[in-house]
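A short worksheet on the structure shown next.
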Amino acid sequence: MAIGIADEHVQLAAVASSFMKRHGDRASARAALEAEAESLPEFWDDLRELGWLGLHLPEEYGGSGYGLEELSVVVEELGRSIAAGPYVPCVIAGAVIAAVGSDELKQRLLPGLAEGSLLAGIALDSQLEVRGGAAHGLVEAVVGGGLAGVFVLAAGDDVLIVDASASGAQASSLKNLDPSRRSVQLTLDGAPADVLPGAGRLLLDISRMVFAAEAVGMAQACVEMASDYARTRIQFGRVIAMFQAVKHHCANMAVAAELATAASWDAGRAASTAAEGGEEFSYAAASAAALALSAADLNANLNTQVLGGIGITWEHDAHLYMRRATVLESLLDSEAAAADVVRLYRSGVRLTRSVDLPPEAEGIRDEVKQIVAQVKDLDEAARRTALVDSGYAVPSWPKPWGREAGPIEQLVIEEEFKAAGIKRPSYNITGWVILTLVQHATEDQVARWVRPALDQELIWCQLFSEPEAGSDAAGIKTRATKVDGGWTINGQKVWTSGAHLARYGFATVRTNPDAPKHQGITTMVIDMKAPGVTVRPLKMTTGASEFNEIFFDDVFIPDDDVVGPIDGGWTVARATLGNESVSIGGGQGAMAVPLELLVDAFDKRPQRLSGGAGRVGRHIARSDASEALNLRSVHRAVAGSGPGPEGAMTKLLLSENLHEASAILVATAGPAGAFLEGAGLINGNLALMHRGMSIAGGTSEIKRNQIGERILGLPRDPLIN
C-alpha cells in the first residue's frame with residue numbers, strides 16, 4: 001500500500017505514478033548512470049510545469065499551498081521509479097526556508113525553488129562555523145550539490161544558506177555511488193552565509209520525513225520487482241516463488257515496506273507541527289527514517305538475492321535501488337534516528353492519533369452516550385446484562401446479539417466507553433467460537449449456546465490442533481464414526497488453551513477418511529464434561545499450565561451438536577481461525593511488553609545491550625508502526641475502502657516485537673536474570689514463553705506463507721494440498 005490513503009492522496013499518487021510511467025519509470029536513473037556529466041533529467045521541465053517543486057510552498061511565493069503530507073505522496077512515487085535529479089533536496093530546502101526563513105530570504109529564494117529555476121543541495125552533517133557572517137569548514141557530502149545554485153547546510157544547531165557561486169565556496173565532484181542524484185564535497189573559506197538560528201533540528205526532521213517517503217517507494221518497488229521475478233523464474237522444474245525460502249524473503253520485504261509506509265504516514269500526519277518545532281513531528285520523522293531507510297536497504301539486498309545472478313548485472317535495474325539505499329543510509333544515519341526515538345520517548349513524547357469521523361458520527365454519539373449513562377453506575381453483572389441486551393457488548397456482531405455496527409459506529413462506541421472508563425465484556429476464545437456459531441449454527445444451537453456465552457456463564461475452547469496437525473489445521477485424524485442418533489469420537493487434541501476451564505469445545509473431526517483432505521472434515525460441539533473426555537493440563541516451560549491435551553474415548557456427540565454440513569466443516573473451521581487471527585493481530589494488546597519498561601531497563605544498564613539506543617529505538621518505532629498499520633485499516637474502513645494488507649501482518653509483527661522485547665530485557669537484566677523472582681520475574685518468564693506467540697494462532701512461517709500468497713500473489717507449493 002502507498003503512504004496516502006485519503007482519496008485526494010490516492011489520486012495524487014496515481015497522477016505521479018502515471019507521470020513517471022510516461023517518462024519511462026527508471027529510465028532517468030539508467031541514463032544518469034551512463035552519463036559522464038550530470039544534467040537534469042529529461043522530465044524536469046514537465047515536473048516544473050506540474051508545480052510539484054512548489055507543491056508544499058505558500059501560494060504567495062509561487063507554490064501550491066499544500067503541505068509536507070502531500071509532498072510525501074509525490075516523493076514516494078518518484079522513489080518507486082528511482083527518479084534522477086535533485087527534486088528531493090530542492091523541496092526539502094524550500095520547506096525549511098518557508099518555515100523559518102526571514103521575509104527577505106523567502107522573497108529571494110522561494111519563487112525560484114517553487115518554479116524550478118533555482119536548484120538546491122542540502123547537507124545534514126558538516127564541520128562548519130560562522131564568523132562575522134562568513135562560513136568556514138568542510139561539508140563531506142552535499143546531496144544534490146552538483147547542480148545546485150544554493151546550499152542549505154546544517155551547522156550545529158543552526159542552518160546556513162550559501163550561494164553556490166559565492167566567493168569562498170568550492171565544490172569538488174567525486175565519483176558518486178548514486179550518479180542519478182549526485183553529491184559533492186564542499187569547502188567553505190569565508191563564504192557569505194545567511195544564518196537560520198536553531199533551524200538545524202527542523203532541517204533534520206524534514207529531511208528524515210521526506211527521504212523516508214522516498215525510501216518507502218524504493219522498498220515497495222523492490223517487493224514488486226522480486227515478487228514478479230519469483231513468479232516466472234523456473235528452477236528445479238518449478239517457479240522459485242513456490243519455494244518457502246524465496247516466499248519468505250518476499251514476505252519479509254513486504255512487511256518491512258508496510259511498516260515503513262505506516263511510519264511515514266504517521267510522520268506526514270504529524271508534519272503540521274513542523275514549523276513550530278513540534279517534538280511529536282521530530283519523533284514521527286525519526287521513527288520513519290529509522291524504519292524506512294532500513295527497509296529500503298533490506299529490500300534492495302533481498303531483491304538482489306531473489307533475482308540471483310541477473311540481479312548483480314549492470315544491465316538489470318536492481319543495483320539502482322542498492323545504490324540509492326546505501327547513499328540514503330550514509331547521509332541520514334538511521335541508527336542516529338532510532339536513538340532519537342528513544343531520547344524523545346524518554347522525555348514523554350508520544351504520537352497523537354485520531355480518526356476523523358464524518359458528520360453522521362455525532363448522531364450516533366448521542367445514542368451511545370445515553371447507553372453509557374444508563375450502565376455506568378451498574379454493578380458488573382447488571383452492566384453486562386444491559387450491554388448484551390442492547391447489543392453493545394459485541395456491537396459489530398449481527399442482530400440480535402450485536403448491533404451490526406459499521407466502522408463509524410464502532411469507533412464512536414469505543415471512544416465514548418473509553419471516555420467514561422467503562423470496560424465492555426471480554427470474550428477471547430469464547431468470542432471467536434460464538435461468533436462462528438452465530439454465522440453457521442442452526443437456530444436451536446444458537447439459542448442453546450450463544451446467549452449463555454455472552455452472559456459469561458459458559459466458557460468455550462477451540463479443539464483444532466493435534467499432535468500431527470498444528471499449522472496444518474486440515475491434517476486432523478480425530479475420527480467421528482456415525483452411530484444411531486449421533487457420532488462417536490475417538491482421538492486426541494493438544495495445545496488447547498483453557499480446556500481445563502471450558503464447558504464446551506468447538507472441534508474439527510474427520511468424518512470421511514476417503515474424501516480429499518479438506519472435504520472430509522465436520523465441526524462439532526463437545527461437552528467437556530461428557531463421559532470419555534479426558535483433559536490433561538500440559539506443564540509449560542514456566543511451570544504453569546495454560547494449555548492442555550484432550551483425549552476422546554468413544555465420546556458420543558448427538559446429531560443436534562453438529563455445526564454445519566457433514567464433511568463440509570472446513571469452511572466453518574476457517575471462520576473460527578479467521579476470527580482468532582483478527583483478534584490476536586488487532587493491536588498490541590495485553591501480550592505486548594510496555595515500552596516504558598524496556599526504556600527503563602535499557603537506561604539502567606545501557607552497556608549490556610548490543611546495538612544500544614538504536615536497537616531500543618527501532619523496537620519502539622516498530623511497535624508504533626504496528627499500531628499505525630491498524631489505524632490505517634480503520635481509516636480505510638471509515639472511508640468505505642477495501643481492506644489492506646495489515647490484517648495478515650499484524651499477528652506476525654506482534655510475535656516479532658515480543659521476541660525483540662524479550663531479548664532486550666534479558667540482555668539488560670544483569671545478574672537479576674538468573675532468578676525468576678524480584679527483578680528477574682518478568683524477563684525470565686518472557687524468555688521462557690515469548691516463542692509461544694510465534695507458534696500459537698498460526699506459526700510465523702505460515703503467516704509468511706500467507707503474506708506471500710494472499711498479498712503478493714505468489715503461488716502455493718503444489719505439494720501442499
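The values are calculated or read from the model by the stated rules, or taken from the named source; none is laboratory data. Remember, predicted model here, so these are calculated numbers, not experimental data. Because the Cβ atoms are built from the backbone with ideal geometry, glycine has one as well, and the counts that use them run over all protein chains shown. Surface accessibility is based on the protein's heavy atoms, side chains included, excluding ligands, DNA and RNA. Shrake-Rupley method; radii C 1.70, N 1.55, O 1.52, S 1.80 Å.
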Under 5 Å between amide H atoms, partner at least 5 residues away or on a different chain: which partners does LEU458 have, H built in plane at 1.01 Å? ALA453
In this structure, the FRET efficiency calculated for ILE234 and ILE310 from their beta-carbon separation, with R0 = 22 Å, to the nearest 0.05, is 0.95
In whole Hz, with x marking every Gly and Pro, tabulate ³J(HN,Hα) for region 200-214 from phi via Karplus 6.51 cos²θ - 1.76 cosθ + 1.60, θ = phi - 60°. x, 5, 5, 4, 5, 4, 5, 4, 4, 5, 6, 5, 4, 4, 5
Give me the net charge for the shell around VAL562: Cβ to Cβ below 15 angstrom, other residues only, Lys and Arg +1, Asp and Glu -1. -4
For q = 0.13, 0.27 Å⁻¹, Debye-computed log10 I/I(0) when each Cα of region 198-257 counts as one equal scatterer: -0.47, -1.01
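Please sort 666-679, 136-149 by packing, taking for each peptide the average over its residues of neighbouring beta carbons within 10 angstrom, highest first. Walk me through the intermediate numbers first.
On the way: 666-679: 14.4, 136-149: 21.1.
Per-residue Cβ counts within 10 Å, averaged per peptide and sorted highest first, yield 136-149, 666-679.
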Please compute, over every Cα-Cα pair in region 1-143, the percentage with a separation greater than 18 angstrom. 61 percent
Of the heavy-atom accessible surface of region 357-419 (probe 1.4 angstrom), what whole percent is carbon and sulfur? 49 percent
Can you say what percent of the DSSP beta bridges in the chain, counting only those with both residues inside, are antiparallel? Round to 5. 85 percent
Please report the net charge: other residues with Cβ closer than 11 Å to the Cβ of VAL150, K and R +1, D and E -1. -1
Here the Kirkwood hydrodynamic radius of the chain, Cα-based and in Å, equals 28.3 Å
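Out of the chymotrypsin sites (Phe, Trp or Tyr not before Pro) in region 217-250, which ones are loop residues according to DSSP with at most 10 other C-beta atoms within 10 Å?
When the chymotrypsin sites (Phe, Trp or Tyr not before Pro) of region 217-250 are filtered for loop state and at most 10 Cβ neighbours within 10 Å, PHE236 remain.
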Using the alpha carbon gyration tensor of region 9-56, what are the three equivalent-ellipsoid semi-axes (square root of 5 times each eigenvalue), largest first, in whole Å? 22, 13, 8
Over all directions, region 666-721 yields a Cα convex hull whose mean projected area in nm² is 5.8 nm²
Normalising by the residue count of the chain, find the relative contact order in percent from Cα pairs under 8 Å and 6+ residues apart. 10 percent
Overall dimensions of region 478-633 by Cα: Rg and Dmax, Å: 22.0, 70
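Given 4 °C and 1.567 mPa s, how large is the Stokes-Einstein diffusion coefficient of region 245-377 in µm²/s, with Rh as the Kirkwood radius over Cα pairs?
Estimated diffusion coefficient is 73 µm²/s.
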Hey, what angle do you get for helix 407-419 against the long axis of the chain, alpha-carbon based, 0 to 90 degrees rounded to 10? 90 degrees
How about region 129-202: which trypsin sites (Lys or Arg not before Pro) there lie in a loop by DSSP and see at most 16 other Cβ atoms within 10 Å? LYS175
Could you give the length gained by full extension between LYS604 and ASP514, i.e. 0.36 nm per residue of separation minus their alpha carbon distance, to one decimal place? 26.2 nm
Give me the tail of P(r) for region 184-231 as a percent: Cα-Cα pairs with distance above 17 Å. 64 percent
Cα to Cα, under 30 Å, and not fewer than 8 places away if on the same chain: which lysines meet these conditions relative to LYS247? LYS21, LYS477, LYS517, LYS651, LYS703
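Using C-alpha positions alone, give me the convex hull volume of region 116-244 per residue in cubic angstrom.
Numbers: hull volume 18.1 nm³, N = 129.
Normalising the Cα hull of region 116-244 by residue number yields 140 Å³.
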How much accessible area per residue does region 418-470 have, in Å², with a 1.4 Å probe? 47 Å²
For region 689-700, Karplus-derived ³J(HN,Hα) couplings (6.51, -1.76, 1.60; θ = phi - 60°; whole Hz; x for glycine and proline) come out as 10, 4, 5, x, 5, 8, 10, 5, x, x, 5, 4
Can you check what the net charge comes to around ALA114, using other residues whose Cβ is under 11 Å from the Cβ of ALA114 (Lys, Arg +1; Asp, Glu -1)? -1
Can I get the semi-axes of region 451-547's equivalent ellipsoid? Compute them from the C-alpha gyration tensor as square roots of 5 times the eigenvalues, in angstrom, largest first. 23, 18, 12
Between 0 and 90°, nearest 10: helix 103-115 axis offset from the chain longest Cα axis: 70 degrees
Hey, if you drop one equal point scatterer on each alpha-carbon of region 611-721 and run the Debye formula without solvent, what base-10 log of I(q)/I(0) do you get at q = 0.12, 0.14 Å⁻¹? -0.58, -0.73
Could you tell me the distance between the Cα centroids of region 156-225 and region 1-57, to the nearest Å? 19 Å
For a quick check: with amide H placed at 1.01 Å from N, whose amide H comes under 5 Å from ALA155's, ignoring anything fewer than 5 positions away on the same chain? LEU160
Tell me, what HN-Hα J-couplings in whole Hz come from the Karplus equation 6.51 cos²θ - 1.76 cosθ + 1.60 at θ = phi - 60° for each residue of region 171-186, using x for Gly and Pro? 9, 10, 8, 10, 5, 8, 5, 10, x, 6, 8, 7, 10, 10, 8, 10
List the lysines whose Cα sits under 23 Å from the Cα of LYS539, skipping any in the same chain fewer than 8 residues away. LYS493, LYS529
Mean residue ellipticity at 222 nm from the helices of the chain, using -39,500 (n - 2.57) per DSSP H segment of n ≥ 4 over the full residue count, to the nearest 500 deg cm²/dmol? -16000 deg cm²/dmol
Just flag the trypsin sites (Lys or Arg not before Pro) in region 322-427 sitting in loop per DSSP whose Cβ has no more than 10 other Cβ atoms within 10 Å. LYS423
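As an exercise, use a Förster radius of 60 Å and the Cβ-Cβ distance of THR385 and GLU115 to find the FRET efficiency, rounded to the nearest 0.05.
After rounding to 0.05, the efficiency reads 0.30.
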Inverse of mean 1/r across different Cα pairs in region 401-476, Kirkwood, Å: 14.8 Å
From the alpha carbon gyration tensor of region 313-429, can you work out the equivalent ellipsoid semi-axes (sqrt of 5 times each eigenvalue) and give them in Å, largest to smallest? 47, 20, 14
With a cut-off of 8 Å between alpha carbons and a minimum separation of six or more residues, what is the relative contact order of region 406-546 in percent? 17 percent
Tilt, helix 380-390 to longest principal axis of the chain (alpha-carbon atoms), in degrees rounded to tens, equals 80 degrees
Please list, or write none, the lysines whose alpha carbon is within less than 16 Å of the alpha carbon of LYS423, excluding same-chain residues fewer than 8 places away. LYS369, LYS376
Amide H of ALA191: which non-local residues (sequence gap of 5 or more, or other chain) have their own amide H closer than 5 Å, using H built in the peptide plane? ALA135
Packing rank of 404-415, 432-443, where each peptide gets the mean count of other beta carbons within 10 Å, highest leading: 432-443, 404-415
